[in-house]
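The values are calculated or read from the model by the stated rules, or taken from the named source; none is laboratory data. Everything numeric in this text was worked out from a predicted model, so none of it was measured. Using ideal geometry, Cβ is built from the backbone for each residue, glycine included, and neighbour counts are taken over all protein chains shown. Accessible surface is based on the protein model in full, side chains and every heavy atom, while ligands, DNA and RNA are left aside. Shrake-Rupley method; radii C 1.70, N 1.55, O 1.52, S 1.80 Å.
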Amino acid sequence: GPGPKACLALTLFAQLPALLALARARDVSSVRKLAYPAAAHTALAAFLFGWHVHEKFLLVAVAPLALLALEGRPLDVFVYRHAARLATFAVLPLLPGGAELGTKILLVIGEEFLLNACFPAAWPAAGPARRVARAAEAAHGLVLFGLFLLKEVVYPCFVPARLAARFEFLPLMLWSVYGAVGVVGLAAASSWRLLGAAARGDAGAWERDAD
């Protein structure tokens, strides 16, 4: 696999959209508007390409995404809700024993309560974008719930012990693959929006894309 130097080069390359958007900002006010998006993007890039990055590091990217979501733009709220769920499910395997199942369930329920209380879904006004956003949110939740059931209930209770022992890491691998796809999608969307702001030299363009 790639060594530390290659990972450093890939991380810096992946962070270029944030650096370009900041470099092309017209004034100090624009730089301030781009601070949270740039911080979130650089953290996502470090998570994707960093050397021996732990799952908990995703929380570093989630923090600025939460601050963006507090501003109320629908796309920022939508992105944060997805990222927060991914971050929570990424750290659940750190509680590996069956005795912690109740704790995991309480964590997931508590997060959903906080998300809906503090960051209620802000759908686009109408049209196909609204339907796509609602469908994506529902699909994301169903996949995460299905993976949770597979790992915590189906495998321990219904899969024969011999088969479960042979494919012991299958649920965790599926969990990790879905999480990786989700983080790549977040980073790709962030890159697209930041490069758009850089091309127009206008932080307001980034904000308008989120409305």
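Name the residue that is modelled with the lowest pLDDT, counting only residues in segment 44-58 that are open to solvent by 50 Å² or more (accessible area, probe 1.4 Å) and either closer than 19 Å to T88 by Cα or in contact with a Leu (Cβ under 9 Å, 6 or more places away or on another chain) (or both). The qualifying residue modelled with the lowest pLDDT is V53. A count restricted to segment 59-93 and to residues that are open to solvent by 70 Å² or more (accessible area, probe 1.4 Å) and among the acidic types (D, E) stands at 1. Residue count for segment 1-36 under the criterion of being surrounded by 12 or more Cβ atoms within 10 Å (Cβ to Cβ) and of a type outside the set (A, V, I, L, M): the result is 9.
Checked against the criteria, R200 counts as surrounded by 13 or more Cβ atoms within 10 Å (Cβ to Cβ) and at pLDDT below 85.
Every condition in (1) in contact with a Ser or Thr (Cβ under 9 Å, 6 or more places away or on another chain); (2) open to solvent by 40 Å² or more (accessible area, probe 1.4 Å) holds for P96 except the one numbered (1). Mind checking whether some residue in segment 147-168 is surrounded by fewer than 16 Cβ atoms within 10 Å (Cβ to Cβ), of a type in the set (A, V, I, L, M, F, W, C), within 18 Å of the chain's Cα centre (by Cα) and assigned to a helix (DSSP H, G or I)? Checked against the condition, which is being surrounded by fewer than 16 Cβ atoms within 10 Å (Cβ to Cβ), of a type in the set (A, V, I, L, M, F, W, C), within 18 Å of the chain's Cα centre (by Cα) and assigned to a helix (DSSP H, G or I), segment 147-168 yields no hits at all.
Within segment 130-150, residues that are within 17 Å of D76 (Cα to Cα) reach partners that are open to solvent by less than 50 Å² (accessible area, probe 1.4 Å) and among the aliphatic types (A, V, I, L, M) with beta carbons closer than 7 Å, at six or more positions or on different chains, in the pairs E137/A121. Taking helices (runs of 4 or more DSSP H) as the structural unit, those lying wholly within segment 1-87 and holding at least 1 residues that are closer than 16 Å to A180 by Cβ correspond to 4-14, 28-49, 58-69.
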